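**Student:** The structure is given below, and queries will be raised subsequently.
Values in this text are rule-based calculations from the coordinates and carry no lab data. Given the structure is predicted, the values throughout are model-derived calculations rather than measurements. With ideal geometry, Cβ positions are generated from the backbone for all residues, glycine too; neighbour counts draw on all protein chains shown.
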Amino acid sequence: MKQKISFILICLLLSSLYLYAEIGNSFSPQNSTWKNPATEWFSKAKIGAFTHFLCDKNNFNTINQFDVEGLVEQLSNAKVGYFIFTLGQNSGYYNAPNPVYDKLAGYKAGERCSKRDIPMELGKALKKKGIRFMLYLPCQTPDQDLKAIKNMGFPAEPINKDREMTQQGTKNWAKVIAYWSKHYGKLVSGWWFDGGYQWCRFDADIAILYAKAAKAGNKNSIVTFNPGVSLKRATSAEDYTAGEINDPLTEKISDRWIKGSQAHILTYMGDTWGRHNLRFEDNDWITWIKGFTSKGGVVSIDMGVNYDPEKGPVGLIEKSQIEQMRHIIEMIGQ
């Protein structure tokens, strides 16, 4: 009898551990300080690149000229650990096909979501180079597309601004996220969600809903939700801090973890997001990043890309910036 009871207890313990692991791979709302081991690669990567490639109605066709191979070659030569690419933002035009979005928003294929699948091409090309791939997406439908906003179930007002998140709207947006997640599967290692603001009524339930959707295609994907300019743990559903920071050189950490979230900062190389100039000297970046990553932190740096075919290949990073990134990574000793 004792052996039978012991066997049952062991089985229950193993089942509990398995369930915990499965939940933990997605989120841990019951444990605000739980640390997701799926972030291990992220911490080891130390430095990654981020680009805003955001088309609108005036240049939507430039997607067809995007130089995937050229961009991947730049990233590989710079030896970045990972790359974050934008699916879209506020204009309502997206860099990837999504039939779920088309149906819910009320558009035909190719009207708002490109027919060319740049993320799929990028994911496959980056994988060959050993570079992890991540995606950027806002927490709601584009604020400049009133048709999509109404059809998806978000409030029409205010125009061209972030709006309150409704139950219907967030459920539909989660369906859109889940399609992309399943479509790209394990090619995508993580997500950076923008606009997780309290004034939009973004809360833990929405974060959990979106986290589940983002991990539908890869349970080991890591996610975060940007609460605004800050370096903090914003929700128990995040795996790492969004860490949007304008002035990074004074930011310090004492540990890899911030209340259970992998410490991470996203900032920009130019004067602001998407700019092509250099605002800091190489040594300024190197000194700060060395200190931040030595504690296990991660730094993502936004760089400007080319949109104009007449000026060069579309989608390539500004040469001076990718060169500065290469030098920074070389000196950090990645």
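**Student:** Given an 8 Å cut-off on Cα distances and at least 6 residues of separation, report the relative contact order of the range 41-332 as a percent.
**Tutor:** Normalised by residue count, the contact order of the range 41-332 is 19 percent.
**Student:** Share of Cα-Cα pairs in the range 90-152 beyond 13 Å, in percent?
**Tutor:** Value for the range 90-152: 65 percent of Cα pairs lie more than 13 Å apart.
**Student:** Moving on to the next point. Under a GNM of the chain (C-alpha, springs under 10 Å), which listed residue has the highest mean-square fluctuation: Gly270, Gly190, Gly81?
**Tutor:** The residue with the greatest mean-square fluctuation here is Gly270.
**Student:** Looking at the chain, what % of its DSSP beta bridges pair antiparallel, to the nearest 5?
**Tutor:** Percentage antiparallel, nearest 5: 10.
**Student:** Calculate log10 I(q)/I(0) of the range 203-334 for q = 0.13 Å⁻¹, where I(q) comes from the Debye formula with a single equal point scatterer on each Cα and nothing for solvent.
**Tutor:** -0.64
**Student:** How big, on average over all directions, is the shadow cast by the Cα convex hull of the range 61-201, in nm²? Kindly include the intermediate steps, with their values, before the conclusion.
**Tutor:** Details: hull surface 33.5 nm².
Quarter of the Cα hull surface area: 8.4 nm².
**Student:** What Kirkwood radius, in Å to one decimal, follows from the Cα pairs of the range 41-332?
**Tutor:** Working: mean 1/r = 0.0523 Å⁻¹.
Kirkwood radius, the range 41-332: 19.1 Å.
**Student:** Sticking with this structure for a sec: Once fully extended, how much extra length lies between Asn160 and Leu249, figured as 0.36 nm per residue of separation less the alpha-carbon to alpha-carbon distance?
**Tutor:** Length difference between fully extended and current span is 28.8 nm.
**Student:** Let me ask you something else. Exceeding 23 Å between C-alpha atoms, which entries from my cross-link table qualify? They are Lys115/Lys319; Lys128/Lys232; Lys127/Lys182; Lys128/Lys290.
**Tutor:** Correct reply: Lys115/Lys319; Lys128/Lys232; Lys128/Lys290.
**Student:** Here's another thing I want to ask about it. In Å, what Kirkwood hydrodynamic radius results for the range 159-235 from the alpha-carbon pair distances?
**Tutor:** In the range 159-235 this quantity evaluates to 12.9 Å.
**Student:** Alpha carbon centre of the range 304-321 versus the range 241-290: separation in Å?
**Tutor:** If you average the Cα positions of each part, the centres end up 23 Å apart.
**Student:** Tell me, what is the percent relative contact order of the range 185-231, built from C-alpha pairs under 8 Å that lie six or more residues apart?
**Tutor:** 59 percent
**Student:** Put a dot 7 Å past each Cα toward the Cβ at Thr33 and Glu111; how far apart are the dots in nm?
**Tutor:** 5.2 nm
**Student:** For Val299, which sequence-distant residues (separation of 5 or more, or a different chain) have an amide H within less than 5 Å of its own amide H, given hydrogens modelled in the peptide plane?
**Tutor:** Close amide H contacts, sequence-distant or interchain: Ile47, Gly48, Ile265.
**Student:** Same structure again: Considering only Phe193, Thr224, Thr33, whose Cα is most displaced toward the positive end of the charge dipole of the chain, charges sitting on Cβ of Lys, Arg (+1) and Asp, Glu (-1)?
**Tutor:** Thr33
**Student:** Assuming R0 = 25 Å, can you tell me the calculated FRET efficiency for the pair Lys290 and Lys319, based on Cβ-Cβ distance, to the nearest 0.05?
**Tutor:** 0.55
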